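Any read-out appearing in this document is the output of simple, stated calculations on the displayed coordinates, not a laboratory observation. This is a predicted model, so every value here is computed, not measured. Here the Cβ positions follow ideal geometry from the backbone for every residue, glycine too, while neighbour counts run over all protein chains shown.
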Amino acid sequence: MDCDGLKVDDIKALKTSLELREVLRDYNWDDGYEIPHAIAEHPQCELGIALELFWLAGAIAVYLNEVEPTPWRREWIDFCEQLTARILAGTYKPSLFKFEGGPGRVGAYKLRKRGVPEIFITGTTPDG
């Protein structure tokens, strides 16, 4: 899907999670966070898409407090914090597809050692 000139209303008009995922995969993050916000808030946004947003946005750095808040980072930090809160609150329904965008085995080990919730690493909760 061509994302040039895409508007929030275009995202709202999408009907399926697969369409959302296609937009996400083609989106140019240099264009800001309006479209990612619209994807995250869409009723068809599933957990796998939310986790892709999380990792593509670099939200793990915000979650781990590895980012110094500055005015020019505010929009990014706000997006990451809101998305993280929604994921942890269980806002998103299970996905049609398996989440595969997290860290590799060594990265997962390091994140677990730092207390990062399993949902961000594997897309599941410890109890399944």
note = Cβ density ranking, 10 Å radius, fewest first, applied to Arg21, Arg73 yields Arg73, Arg21
key: For Rg/Rh (Cα atoms, Kirkwood Rh), calculated from these coordinates, the label among (i) 0.96; (ii) 1.13; (iii) 0.92   = (i)
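Quick check: net charge around Tyr63, other residues with Cβ under 10 Å of its Cβ, Lys/Arg +1 and Asp/Glu -1? Can you show the working numbers first?
On the way: positive: Arg114; negative: Glu66, Glu81.
Here the count lands on -1.
When only Cα pairs under 8 Å and 6 or more residues apart are kept, what is the percent relative contact order across the chain?
Numbers: 118 pairs, mean separation 29.0, N = 128.
The value is 23 percent.
Explain nothing, just the number: dipole magnitude of the chain about its Cα centre with +1 on each Lys and Arg Cβ and -1 on each Asp and Glu Cβ, in debye rounded to the nearest 20. Don't skip to the end; give the middle numbers.
Working: 15 positive and 21 negative charges, 149 e Å.
Dipole size: approximately 720 debye.
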query = Using θ = phi - 60° and the Karplus curve 6.51 cos²θ - 1.76 cosθ + 1.60, what whole-Hz ³J(HN,Hα) does each residue of the stretch 43-58 get, with Gly and Pro shown as x?
reply = x, 8, 6, 9, 4, x, 5, 4, 5, 4, 4, 4, 6, 5, 6, x
